[in-house]
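One structure is given here, and the rest of the page talks about it.
The values are calculated or read from the model by the stated rules, or taken from the named source; none is laboratory data. Fair warning: this is a prediction, and the values are worked out from it, not measured in the lab. Ideal geometry is used to build each Cβ from the backbone, glycine not excepted, and the neighbour counts take in all protein chains shown. To get the accessible areas, we keep the full protein, side chains included, count just its heavy atoms, and leave off ligands, DNA and RNA. Shrake-Rupley method; radii C 1.70, N 1.55, O 1.52, S 1.80 Å.
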Amino acid sequence: MAQIIVINFGSQVAHLIARRIRELGIFTEIKPYGISANEIKKLKPKGIILSGGPSSVYEKNSPLVDKKILELNIPVLGICYGLQLIGKYYGKVIPGKLKEYGKKRIRIRKNGNLLYGLKREEEVWMSHGDLVTYLPKNFEILAKTDTCPIAAVENNDKKIYGVQFHPEVAHTPKGVDILKNFVFRICNAKKDWSISLAPKLIREIKEIVKNDSVIMGTSGGVDSTVAAALIHKAIGKKMHCVFIDHGLLRKNEAEAVMDSFKSMDFENLYLVNAEKIFLERLRGIAEPEEKRRIIGHTFIEVFEKKVEELEKKYYGIKFLGQGTIYPDRIESAQPTKEASKIKSHHNVTLPEKMKLKVIEPLKELYKDEVRKLGKELSLPKEIVYRHPFPGPGFAIRILGEITNERLEILRNADYIFIEELKKAKHYDKVWQAFAALFPIKTVGVKGDARTYEYVISLRAVTSFDAMTADWAKLPYGFLEKVSSRIINEVKGVNRVVYDISQKPPATIEYE
Ligand code: XMP
């Protein structure tokens, strides 16, 4: 059971808070803002954090918190929007009065419990429009800035605490100390979330699966591979591992993935070559969502066929193993239930009739926790630190129609980019990097001849969790080398561009 519950009023910041507290060794979960005081009571947390969020407490339909949660006598910390909710219920908030973004200095008049150990002045990161201007006397104001009269506050009787700035971001250097004060000093939480998770997870898999078998669809990515490794450690050769090559993979990828699985001693390993059916169905399709839909459906169909074949051969396949991680499954904790659908990421959800029970050993973990676990399981470094690769593969990196020629060009260009990133030791410093092919041709000159060829775009981003991302500031010399190698070595390309868009407003992938 989670000791700290973060109530979500804006999904990205809520994730960051939960991750920071987990890093302190405390199991923390995110819940949607609609959660009631009774539901919270049942979860028996030691503390509650009201996250920040993009709304204003005075907007129509802005997300609110059940006021009774503030009166359960469980310590509550409001961060930014969370503090403004406290202000709305107990004091006064002025909407849009002060737009404060970026670095600010707080002056601390009293440390109290929340700011214990901090100096008289500290740097913090602010990002708010509304402003809490008044709280009753039993709320003690701990800190202010030159423009924000209530930057940190505590009420030890009511056990309500708040900060206007963001302690969860790296730009607040003492932010972690403040979270530590809340979690350990105020909530009295005890460390229960260690990095040595493997034995516990393996035990749980054994308890769930008992004598049955598990079939696992793996993509070769870190999540599904770590999940497969755990299941394998738990049940050995009763795990069947299926890898579908849809023909949209990187150069030599299928072989590399199979080799790494073999090195992990997986006994029942199946490579399904389904290139033909995928490419046939994608022929002439240019619309991104249509491509994703076709790939998702075909994937299920191919996987289902393989499961049926294996079920006939081996009895007792009762479970479908999946590498779902925490951010994948907390849709229920999204701040708005109608959050707009940007892209339909595909995950294998099998039809009802298959009656396989799903087992997801990583469902409570963040990506960096999965990587730590992979290291703990001694998985090959190439897997643990592999960049994420989307299920639809090159289909969403070849903009427009997918043809064999375009696939070949992209495979070669992408290979060069990744090879150079590894050689120059930039690979591990970026979250994700890849090449994409624009379906347009531009004029160039090679030797003395005019060329009319494709444009390759290089994308490399830094990120914590793919929800926001910045373009990686790779050195010019490095980009120049990659560009000239691609133009010289890949037939059909005469121009290379580097993508300098942030997410948001762009996304990491192109489609
Ligand atoms: P975007 O493009 O939405 O991507 O900024 C965020 C992260 O998700 C990955 N991605 C996918 N992963 N199936 C996946 O398994 C998909 O359909 C898919 N689409 C995007 C993307 O590579 C990035 O890491």
- Query: Checking residue 7 against (1) touching a Pro at 6+ places or on another chain (Cβ under 9 Å); (2) part of a loop (DSSP other than H, G, I, E, B); (3) of a type in the set (Val, Ile, Thr), which test does it fail?
  - Reply: (2)
- Task: List every residue pair whose Cβ atoms lie under 9 Å apart, where the two residues are 6 or more positions apart in sequence or sit on different chains, the first residue falls within the stretch 431-454 and is not assigned by TED's automatic domain parsing to the domain that holds residue 479 and open to solvent by less than 10 Å² (accessible area, probe 1.4 Å), and the second residue, located anywhere, is more than 16 Å from the ligand (Cβ to nearest atom) and modelled with pLDDT of 95 or more.
- Result: none
- Query: Given 501, 463, 483, which one is over 22 Å from residue 425 (Cβ atoms) and open to solvent by less than 50 Å² (accessible area, probe 1.4 Å)?
  - Reply: 501
- Take residue 188 and decide whether it is in a loop (DSSP other than H, G, I, E, B), at pLDDT 95 or above and not aliphatic (A, V, I, L, M). yes
- Query: What are the pairs, 6+ residues apart or on separate chains, where a residue within the stretch 34-48 that is in a helix (DSSP H, G or I) has its Cβ under 6 Å from a residue that is open to solvent by 90 Å² or more (accessible area, probe 1.4 Å)?
  - Reply: 37/68
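Counting residues that are within 16 Å of the ligand (Cβ to nearest atom) and open to solvent by 10 Å² or more (accessible area, probe 1.4 Å), which helices (runs of 4 or more DSSP H) fully inside the stretch 197-290 reach at least 2?
Numbers: elements: 198-209, 222-235, 253-263, 275-282.
Hits in the stretch 197-290: 222-235.
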- Note on the structure: By residue number, the members of the stretch 481-511 that are closer than 25 Å to residue 295 by Cβ and within 16 Å of the ligand (Cβ to nearest atom) are 499, 501, 503, 504, 506, 507, 508, 509, 510, 511
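Please pick out the residue among 410, 399, 373 that is within 30 Å of residue 440 (Cα to Cα) and either buried (at least 22 other Cβ atoms within 10 Å of the Cβ) or away from the ligand (no atom under 16 Å from the Cβ) (or both). If you could, list the steps in order and put the result at the bottom.
On the way: 399 fails: either buried (at least 22 other Cβ atoms within 10 Å of the Cβ) or away from the ligand (no atom under 16 Å from the Cβ) (or both); 373 fails: within 30 Å of residue 440 (Cα to Cα).
Going through 410, 399, 373 in turn, just one is within 30 Å of residue 440 (Cα to Cα) and either buried (at least 22 other Cβ atoms within 10 Å of the Cβ) or away from the ligand (no atom under 16 Å from the Cβ) (or both): 410.
Quick check on residue 112: is it part of a loop (DSSP other than H, G, I, E, B) and either in contact with a Phe, Trp or Tyr (Cβ under 7 Å, 6 or more places away or on another chain) or farther than 20 Å from residue 161 by Cβ (or both)?
For residue 112, the condition - part of a loop (DSSP other than H, G, I, E, B) and either in contact with a Phe, Trp or Tyr (Cβ under 7 Å, 6 or more places away or on another chain) or farther than 20 Å from residue 161 by Cβ (or both) - is not met.
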- Message: So in the stretch 468-480, with the set limited to residues that are within 15 Å of the ligand (Cβ to nearest atom) and open to solvent by 30 Å² or more (accessible area, probe 1.4 Å), which one is nearest to residue 415 (Cα to Cα)?
- Response: 471
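Would you confirm, using the coordinates I've provided, whether residue 427 is within 16 Å of the ligand (Cβ to nearest atom) and over 21 Å from residue 507 (Cα atoms)? First the steps, then the outcome.
Numbers: within 16 Å of the ligand (Cβ to nearest atom): yes; over 21 Å from residue 507 (Cα atoms): no.
So residue 427 does not fit the description; no.
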- Query: Do we have residue 449 as within 12 Å of the ligand (Cβ to nearest atom) and not polar (S, T, N, Q) here?
  - Reply: no
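Here is a yes/no grid of residues against (1) closer than 23 Å to residue 366 by Cα; (2) hydrophobic (A, V, I, L, M, F, W, C):
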| residue | (1), (2) |
| --- | --- |
| 158 | no, no |
| 167 | yes, no |
| 172 | yes, no |
| 177 | yes, no |
| 191 | yes, no |
| 198 | yes, yes |
| 206 | yes, no |
